[in-house]
Amino acid sequence: MLCLIRAMSARPRERCPITGLAANYLDPRTGVPYANVFAFQEIDKILEHDYVWNEKFGCYVGQEEVASDEDEMQGET
C-alpha cells in the first residue's frame, strides 16, 4: 500500500495554462487543467467569448486590446 501511495504522488502533474501552476483540477467542459478559481473563471470567460483569438499574437486577447490593435492597423494604411 505504501508503494502505491508513493507511485501516485510521484506522477507528474499537468500545468495550468493560465497560471503556470500545478493543475489539481480539470475543466469538465474542455478537459483543460486548471490550478485555482481564478484560472477556472478565465477559462469560463474564453468559452463565453469575452476573449477573442488573435492570429498575430497566437493567443486569446481581450476586446480592448483587439480594438487598439485594429486602430494601429488603420493608422498604418
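Rule-based calculations on the coordinates, nothing more; no lab input. On a predicted model such as this, the values are computed, not experimentally measured, just so you know. In this analysis, Cβ positions are derived from the backbone assuming ideal geometry, glycine residues included, and neighbour counts consider all displayed protein chains.
Odds and ends about this structure:
- Over all other residues within a Cβ to Cβ distance under 9 Å of residue 33, the charged ones net out to 0, with Lys and Arg as +1 and Asp and Glu as -1.
- In plain terms, the chain from residue 40 to residue 54 could stretch by 2.9 nm, reckoned as 0.36 nm per residue minus the Cα-Cα distance.
- Approximating the spin labels as points 7 Å out from Cα along Cα→Cβ, the residue 47-to-residue 63 distance works out to 2.0 nm.
- Each label point was placed 7 Å from the Cα along the Cα-to-Cβ direction; for residue 13 and residue 27 their separation is 1.9 nm.
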